[in-house]
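One structure is given here, and the rest of the page talks about it.
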Amino acid sequence: MTTLSPLLAITQLCFCNRGSVESSKSIHYVCKTKKSRPTKRFGRMDVGNDSRLLFATSRVAAQPTEQMMFTSSNPLVDQLKEVSTYRFRTEIGGHVKISIGKINGKYAVYVEVSSLELGASDNISLMLIWGIYTSDSSCFMPLDSSSHARTIETPLLQNSFARFAIELEFEAKQTPFYLSFFLKPTSSGVEIRNHNKSNFCVPIGFNPGYPAPLGLSFSTDGSTNFAFFSRNAAGCVLCLYDDSTSGKPALELDLDPYVNRSGDIWHASLEAAWTFLSYGYRCKGAALPSDADKFDAGRVLLDPYSKIIINSVADNVSGLLPEYLGRLCSEPVFDWSDDVPPNLAMEKLVVYRVNVMRFTKDNSSQISSDAAGTFAGLTEKLSHFKNLGVNAVLLESIFPFDEQKGPYFPRHFFSPSNVYGPSNGSVAAISSMKEMVKKLHANGIEVLMEVVFTHTAEAGALQGIDDSSYYCTSITTGLDAQNALNCNHPIVQRVILDSLQHWVTEFHLDGFCFINASSLLRSFGGEYLSRPPVVEAIAFDPLFSKTKIIADCWDPKELEAKETAFPHWKKWAEMNTKFCYDVRNFLRGEGLLSDLATRLCGSGDIFSSGRGPAFSFNFITRNFGLPLVDLVSFSGDELASELSWNCGEEGPTNKTTILERRLKQIRNYLFVLFVSLGVPVLNMGDECGQSSGGSTSYGSRKPFDWNALSTGFGIQTTQFISFLSSLRMRRSDLLQKRDFLKEENIDWHGSDQNPPRWEDPSCKFLAMTLKVDKPGSGLSSESSHVEGDMFIAFNAAGRSESVTLPQVPEGMAWHRLVDTALPFPGFFSNDSEPVIRQPYEMKSHSCILLEANIHDG
């Protein structure tokens, strides 16, 4: 290819937009016009996925034109490598075809204009007025160091087929940028632009890219594809950084709305993206006047689909940078080859809710400082879960979050927060979490995770990308439009599903608990939907066929649970708030026996329509509200909603009778939790008597005190929990049922074996006999291990009850396994003596469990 003049070396490359940088590198280009020459018919040219065709539809970007036949008047195109072809229609008819490819380490651009009606004159000539830009399509770079010219006028020559053509050549090292031009006939001086009356624009040194998948994706040829949703932004700028400490991007690309946009997705593909460290986006302008105040052209935004995020500059004086930027690299490779998820049936679960940081942050954990408060620290305390008999951990939300408001106000959905990794590193956090999951799986423990998809932090999350799509901006909803997500909008639904799929495939998580799940049922207008699309889509996603899906209708903004009939499609389980309220009410001496009986039997009023008791995740306390020891120690007027009882004196006390009553109540709560049908959920710190001093706020919760496990309270409580866990497993025939008990498998009693007074609010005693299915033949005298019926009684009154026990089959006797009124260690045992004396004297505020076994005497 012969070099023709003019050859211009442009220095002092500058950008006209804020946040851009200056470069002292020179841009070299060569422009050529060709004389008339015979046309050459192309062969079957494969232009690959980089080829694009522009049509008139304003919202449709360049479309693929693979395997098309082209007719060219220039053999240059035959020599180009990795050809991208674009076709435009002009505003007066006719077509402009642009072919771009590499040759000899340079980018060659071939422009050909055809079918342009310019009149009948034989001396018609056509000028190409062109310039280049990166960060701002409205501001071209200077092309002449002396005159600072920003455009060049170059003549096109007409060939024998009445086509005009020109060749431009650019140094590859000066890319990427956009070439922008319009046409002007010398005869009329009319400026000719594309069908949308804007400049013809094509990318040089990068490709249009693809709209899917969203976020970063990496091709085998080494290129990186960027895809970003914003429906209502008029423009989108890709910002690339080569230094995490710099507040200014090293390169900005103002994505062209016709080449780099498909529908509502902005996209571009760069070959040398690996030379940069991180990236973000700026959304500028609004497609609709009503959205004009929702876009800040100077603010850099985090890609919602970034899989690895890093902290941006520490001193963000301008406030225009996000707290995080997406890192330009793929996720670290992890060896999952030996990982076998436990895949436990839901009715077999015993769950422990844990805050990753608070679990091992305290010095009492005796974990090294770099592992304390991290996933690695949690892994080191694996023995604690096994000692309790726990087979599933429920991680409090680990998304990157607003540090002022806590983990239930997330900023991102596709990566764990960096604070949970060694040295607060993003890649280290990802690898450390995967190691934790793999280690827990190897020990038969499933990993569930709380997720928050109904709202975000009030700033630094998805705000500014497309608020009208992501957030509930309708003034009629009654929701906080600043951070309430529009969950059933197609793009938000897509984010939720993609995030869940990412956590299942990349982190091998076994289940999710959806915080504030009742808001997943809302439409954009705020009304509740009978078939919310996002809830239904999660229920039927085949990737989640073995994943536990749990709705938790507790609202971290209003600090309360919102009761609602949750649509489930026989897939969704629920955190059972009614269980918590009814058990608390009964044990403090209020409430009806019928309410307690309903909770003991698996809450059929909630889970009977196609589900079962295994879908009920039962809890007494959680990470908001009073912890277990405070539930029996504080009950002031301001705590009325907690349904607590201080057992006779408010706050700390030294009175023995009060302390003994409180200890019985703690045992009672744990006992009811484990003997009820459903999944018991323990809360971190309750086993060692951790107190918040009567405060219900999340921030009042303290790090786990490992020294408290060695106190008398800690020892007996952890041993009692372990006993109850093993009891549930041993008597799974009665205590771990997926289906509800049949009528013939349960009897209800008062203290005198008469029917209970169900609706008498003054009655505080309830007993039940859980009866095993009787075999066809009688008991064998050799089957000393046969386990019989279970008798369970609850006395919430302030007086003792003389309990008449039911009859047992001949050769068997009642053996006491639990009596919460007895001193430690005798209040629970697998090897107790048979109960001979009748009636059984049951102390006030206590529970008992008796089991019918073979009697040797």
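Nothing in this text is a laboratory measurement; each read-out follows from the coordinates by a stated rule. Computed from a predicted structure; not experimentally measured. Note: ideal-geometry Cβ built from the backbone for every residue, glycine included; neighbour counts use all protein chains shown.
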> Given charges of +1 on the Cβ of Lys and Arg and -1 on the Cβ of Asp and Glu, with all other atoms neutral, how large is the dipole of the range 167-234 about its Cα centre, in debye to the nearest 20?
Replying inline: 360
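Taking 0.36 nm per residue of sequence separation and subtracting the Cα-Cα distance, how much length would be gained by fully extending the chain between Glu590 and Ser188, in nm to one decimal? Don't skip to the end; give the middle numbers.
Working: separation 402, 0.36 × 402 = 144.72 nm, distance 9.28 nm.
So the extension gain works out to 135.4 nm.
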> Over all Cα pairs of the range 222-264, how is the pair count split among 10 Å bins, expressed in % and running from 0 up to the last occupied bin?
Replying inline: 23, 47, 27, 3
> Gain in length, Gln404 to Ser530, computed as 0.36 nm per residue apart minus the alpha-carbon separation, to one decimal in nm?
Replying inline: 41.8 nm
> In angstroms, what radius of gyration and Dmax does the range 129-279 have, counting Cα atoms only?
Replying inline: 17.2, 57
> What is the Rg over Rh value, at two decimals, for the range 421-467, using alpha-carbon atoms and the Kirkwood definition of Rh?
Replying inline: 1.15
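Which entries of Lys562/Lys655; Lys557/Lys737; Lys348/Lys771 have Cα-Cα distances beyond 31 Å here? Spell out each step's value before the answer.
Working: Lys562/Lys655 38 Å; Lys557/Lys737 35 Å; Lys348/Lys771 20 Å.
Over 31 Å Cα-Cα: Lys562/Lys655; Lys557/Lys737.
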>> If I take every Cα pair under 8 Å that is 6 or more residues apart in the range 623-675, average their sequence separation and divide by the length, what percent do I get for the relative contact order?
In response: 31
> Over the range 125-256, what is the relative contact order in whole percent, taking alpha-carbon pairs under 8 Å and six or more residues apart?
Replying inline: 22
>> Under a crude label model (7 Å from the Cα following the beta-carbon direction), how far is Ser844 from Ala539 in nanometres?
In response: 4.8
> Using a basic spin-label model with each label point 7 Å from the Cα along Cα→Cβ, how many nm lie between Lys702 and Lys655?
Replying inline: 2.4
> Using r as the Cβ-Cβ distance of Glu558 and Asn104, and R0 as 56 Å, what FRET efficiency do you calculate, to the nearest 0.05?
Replying inline: 0.25
> How far is the Cα center of the range 573-636 from the Cα center of the range 145-219, in Å?
Replying inline: 68
> Within the range 489-646, what percent of beta bridges assigned by DSSP are antiparallel, to the nearest 5?
Replying inline: 20
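Relative to the present Cα-Cα distance, how much length would full extension add between Asn311 and Ser695 at 0.36 nm per residue of separation? Show your work: numbers first, answer last.
On the way: separation 384, 0.36 × 384 = 138.24 nm, distance 3.31 nm.
Using 0.36 nm per residue and subtracting the Cα-Cα distance, I get 134.9 nm.
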>> Modelling each spin label as a point 7 Å along the Cα-to-Cβ direction, I'd like the His148/Arg730 distance in nm, to one decimal.
In response: 8.9
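Expressed as a rounded percentage, what relative contact order does the range 237-288 have, with Cα pairs under 8 Å and six or more residues apart?
Working: 62 pairs, mean separation 24.5, N = 52.
Reported as a whole number, the value is 47 percent.
Would you please give the FRET efficiency between Glu117 and Ala250, computed as 1/(1 + (r/R0)^6) with r the Cβ-Cβ distance and R0 = 51 Å, to the nearest 0.05? Could the numbers behind the result be given before it?
Details: r = 45 Å, r/R0 = 0.88.
Computed FRET efficiency for Glu117 and Ala250: 0.70.
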> Hey, with R₀ at 41 Å, roughly what FRET efficiency would Gln501 and Cys139 work out to, going by the Cβ-Cβ distance, to 0.05?
Replying inline: 0.50
